[in-house]
Amino acid sequence: MNIITIKILVFCLVPIGLMLLYLSVKSLRSLLFGAMAAELPYLNKTTSFYINEVGKYSIWHKGVLLQKVPVTQFKPIIKHIETGKIIALKSSVFRPSVNGFDKARVLLFHFNLLDKGEYNIQLAAGSSISKLEKFISNLIPLKESNLSQYTIQIRKSQPFYITMVSILFTIFSALVVIGGFVVSLLAEQILC
């Protein structure tokens, strides 16, 4: 096989990698920008919302960027109104965030909803973060947030394993694009 054919075949990895990169980033976007099921202004402390699609959901807090938010003052409780069942919340390990120019949104909890119907979220006394996170947040000198601009959001999410596979595919596809481009340019030096 001549060197030109090898260069062309290796360079074909670039569009394949770009396609994989597009699909993996699209999957990651569904984690960060899932459909919103409810938005609760912090000062209201409680609201009801209706779920017509069972699956994985997440609780995000949203406020003004670079201001101290009251995550140490509340713990959300979600209850199915018809059955009275309290939904178990799992704390987010990685705490992904979405930042704009003046607003930020950070993931707090994940939970699974197995039944369609009406739910209620209530902000009870407690803390939504660990003791270590609380200690670190007390060390950072930020001004207190305007609580009228602080909200809690419930969004449709995706399972953790899909997120991890998407991250791995993003890394893999970026390496395929870079590798295909570099190896096709340096094929003569590598093979000779």
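The values are calculated or read from the model by the stated rules, or taken from the named source; none is laboratory data. Nothing here was measured: the structure is a model prediction, and the numbers come from that model. All Cβ positions, glycine included, derive from the backbone under ideal geometry; neighbour counts span all protein chains shown.
What about L65, is it under 28 Å from K134 (Cβ atoms) and touching a Phe, Trp or Tyr at 6+ places or on another chain (Cβ under 8 Å)? Can you show your working first?
Working: under 28 Å from K134 (Cβ atoms): yes; touching a Phe, Trp or Tyr at 6+ places or on another chain (Cβ under 8 Å): yes.
Taking the combined requirement at face value, the residue satisfies it.
In the stretch 149-173, which residue that is touching a helix residue (DSSP H, G or I) at 6+ places or on another chain (Cβ under 6 Å) and assigned to a helix (DSSP H, G or I) is nearest to I6 (Cα to Cα)?
First, pick out the residues of the stretch 149-173 that are touching a helix residue (DSSP H, G or I) at 6+ places or on another chain (Cβ under 6 Å): 150, 158, 163, 166, 169-170, 173.
Okay, now just the ones that are also assigned to a helix (DSSP H, G or I), so 163, 166, 169-170, 173.
Values: T163: 35, S166: 30, F169: 25, T170: 25, S173: 20 Å.
So the residue we want is S173.
Which count do you get for residues in the stretch 108-138 that are more than 19 Å from S30 (Cβ to Cβ) and either under 14 Å from the mean Cα position of the chain (by Cα) or polar (S, T, N, Q) (or both)?
Total meeting the criteria: 7.
I need a count of the residues in the stretch 57-107 that are within 15 Å of the chain's Cα centre (by Cα) and in contact (Cβ under 8 Å) with a residue 40 or more places away in the chain. Let's see the steps before the verdict.
Going residue by residue through the stretch 57-107, those that are within 15 Å of the chain's Cα centre (by Cα) are 57-62, 90-100, 104-107.
Restricting the remaining residues to those that are in contact (Cβ under 8 Å) with a residue 40 or more places away in the chain gives 57-62, 96, 98, 104-107.
Total satisfying the criteria: 12.
Could you list all residues from the stretch 74-125 that are β-branched (V, I, T) and either assigned to a strand (DSSP E or B) or outside the structural domain of N146 (by TED's automatic domain parsing) (or both)?
First pass over the stretch 74-125, keeping only residues β-branched (V, I, T): 77-78, 81, 83, 86-87, 93, 98, 106, 121.
Within the stretch 74-125, I77, I78, I86, V98, V106, I121 qualify.
Of the conditions (1) hydrophobic (A, V, I, L, M, F, W, C); (2) modelled with pLDDT under 90; (3) not assigned by TED's automatic domain parsing to the domain that holds I136, V64 clears all except one; give me its number.
Every listed condition holds for V64 apart from (3).
Restricting attention to the stretch 29-60, and to residues there that are assigned to a helix (DSSP H, G or I) and out of contact with any Pro (no Cβ under 9 Å at 6 or more places or on another chain), which single residue is nearest to I87 (Cα to Cα)? Reasoning before the result, please.
Here is the first cut: in the stretch 29-60, the ones assigned to a helix (DSSP H, G or I) are 29-32, 42-44.
Now narrow it down to the ones that are out of contact with any Pro (no Cβ under 9 Å at 6 or more places or on another chain): 29-30, 43-44.
Details: R29: 25, S30: 23, L43: 22, N44: 20 Å.
Here the answer is N44.
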